[in-house]
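Heads up: the structure comes next, in structure tokens.
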Amino acid sequence: MTNKIKRVALIGTGIMGAPIAGHVLDAGFDLTVHNRTPEKARALVERGAHWASSPAEAARDADVVLTMVGYPSDVEDVYLASDGIIRASRKGAYLIDLSTSAAELARDIHDASEVEDKHAFDCPVTGGQAGAEAGTLTLFVGADEGTAAPVLPLLQCFSDKVFYFGRAGMGQTAKHCNQVSLASCMMGYAEAMALAEAAGLDERTMLEAVGSGMGGSVAMDMLAPKALAGDWKPGFMAEHLLKDLRLSLYEAEQMGISLPSTDTAFNLFDLLCQVDGSRLGTQALSLLYAEEEAGAAAGLDWSRAQPAHDEDGCDCEDVGCSCGHDHGDGECGCGHGDGHGHHHHE
């Protein structure tokens, strides 16, 4: 069956999508790409990819369509709009969303695709820009092994670990678990660095010592040195982790459970985004613990910090949280509340 997969479309050639597309080209697939900003796909076209002027055009003749876009609203538009890829793609095509999005939206896309005799599943990834460039991403597949088998050679060209979670939406839930854990790890090393600095410890030595024991984490190994060096370039932007945490908190709320550490992390990344850190790398969380001058040098503007607000004055769409899709009882459409009608943006 794998021999049938020759033509691939990839929609979204940003920080993650572009290197994934590069691996697809290197593996010998015939690739068509689309991005809202054409310039970001230029290098791929120069390498041999075909350019499409719309997602529908990209999908029309593809055996497999991969999407890597920013927000659930983007996912919904690409798949479910009247000119979206579900309608435009050919019968029997595989539609695979690599974005981190809402589990319920993933189930809606799967169901709508099956009605059209097409096969959609969620497949969010982790590993960041470095993993995408190295082709070593970890995949969270919202399908069983048999369903994904026909496209496995394609998926393996940009990953080295593939985990199957059985059914549509569960890949997204597994990715939310990853982001929940990541956020707590990031808060941990950021606070350790702040404590070390205040105490006069050598931070580099502290990180090496802590990282060699139970206090270490992959986040500490990969991101703390960047923070220490003042390197805020995004391998994964702060605004996208904020979005992921919002999705995680919404899903937890729907299940009736509390995630207090994730709630704290959400508030911290929300603040970072408010003060113009939204497009910095997630390691910029450390700037919230630093002197104001360090934040200013990185481009933060503390005058833009917003006071806490409640549901009567919620302006959540200002930080890009509306997914444009009705997923239940979220008070403002952002899906971040505590189950009692309260928001936690501080």
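The values are calculated or read from the model by the stated rules, or taken from the named source; none is laboratory data. Since this is a predicted model, take the numbers as computed values, not measurements. Reconstructed Cβ throughout: ideal geometry from the backbone, glycine too, with neighbour counts over all protein chains shown. Only protein heavy atoms, including side chains, enter the accessible area calculation; ligands, DNA and RNA are left aside. Shrake-Rupley method; radii C 1.70, N 1.55, O 1.52, S 1.80 Å.
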- Message: At 1.4 Å probe size, what's the solvent-accessible area of Arg304? Round to the nearest 10 Å².
- Response: 130 Å²
- Message: I want to check a number: in the chain, how many lysine pairs have alpha carbons closer than 14 Å, given a sequence separation of 8 or more or different chains?
- Response: 4
- Task: Please work out, to two decimal places, the log10 of the ratio I(q)/I(0) at q = 0.15 Å⁻¹ from a Debye calculation in which every Cα of the stretch 21-89 carries one identical scatterer.
- Result: -0.46
- DSSP loop (so not H, G, I, E, B), at most 15 other Cβ within 10 Å: list which chymotrypsin sites (Phe, Trp or Tyr not before Pro) in the stretch 45-114 pass both filters. none
- Item | Net charge dipole size for the chain [Lys, Arg +1 and Asp, Glu -1 on Cβ; Debye, nearest 20] | 1700 debye
- Query: Largest first, how would Arg47, Arg90 line up by accessible area (1.4 Å probe)?
  - Reply: Arg47, Arg90
- Query: Could you give the angle, 0 to 90 degrees to the nearest 10, between helix 238-255's Cα long axis and the longest principal axis of the Cα atoms of the chain?
  - Reply: 80 degrees
- Per Stokes-Einstein, at 20 °C and 1.002 mPa s, what whole-number D in µm² s⁻¹ belongs to the stretch 44-190, with the Kirkwood radius over Cα pairs as the hydrodynamic radius? 137 µm²/s
- Return the single residue from Gly213, Gly84, Gly235 with maximal mean-square fluctuation; model: Gaussian network over the chain, springs between Cα atoms under 10 Å. Gly213
- Message: Compute a Gaussian network model of the chain, connecting alpha carbons closer than 10 Å, and tell me which residue from Ala112, Ala229, Ala132 fluctuates the most.
- Response: Ala229
- Measuring from the lowest to the highest alpha carbon on each principal axis, how far does the stretch 230-278 reach, largest first, in angstroms? 39, 17, 16
- Once the Cα atoms of helix 17-26 and of the chain are each reduced to a long axis, what angle between those two axes, in degrees from 0 to 90 to the nearest 10, is obtained? 40 degrees
- Roughly how many Å is it from the Cα centre of the stretch 56-96 to that of the stretch 25-40, as a whole number? 14 Å
- Over the chain: helical MRE at 222 nm, DSSP H runs n ≥ 4 each giving -39500 (n - 2.57), nearest 500: -12500 deg cm²/dmol
- Task: Report the accessible area of His110, computed with a 1.4 Å probe over the heavy atoms of all protein chains in place, in Å² rounded to the nearest 10.
- Result: 60 Å²
- Query: Which of these, Lys243, Lys40, Lys175, has the largest mean-square fluctuation under a Gaussian network model of the chain (Cα springs below 10 Å)?
  - Reply: Lys40
- Query: What's the angle, to the nearest 10 degrees (0 to 90), between helix 170-199's Cα axis and the longest principal axis of the chain?
  - Reply: 20 degrees
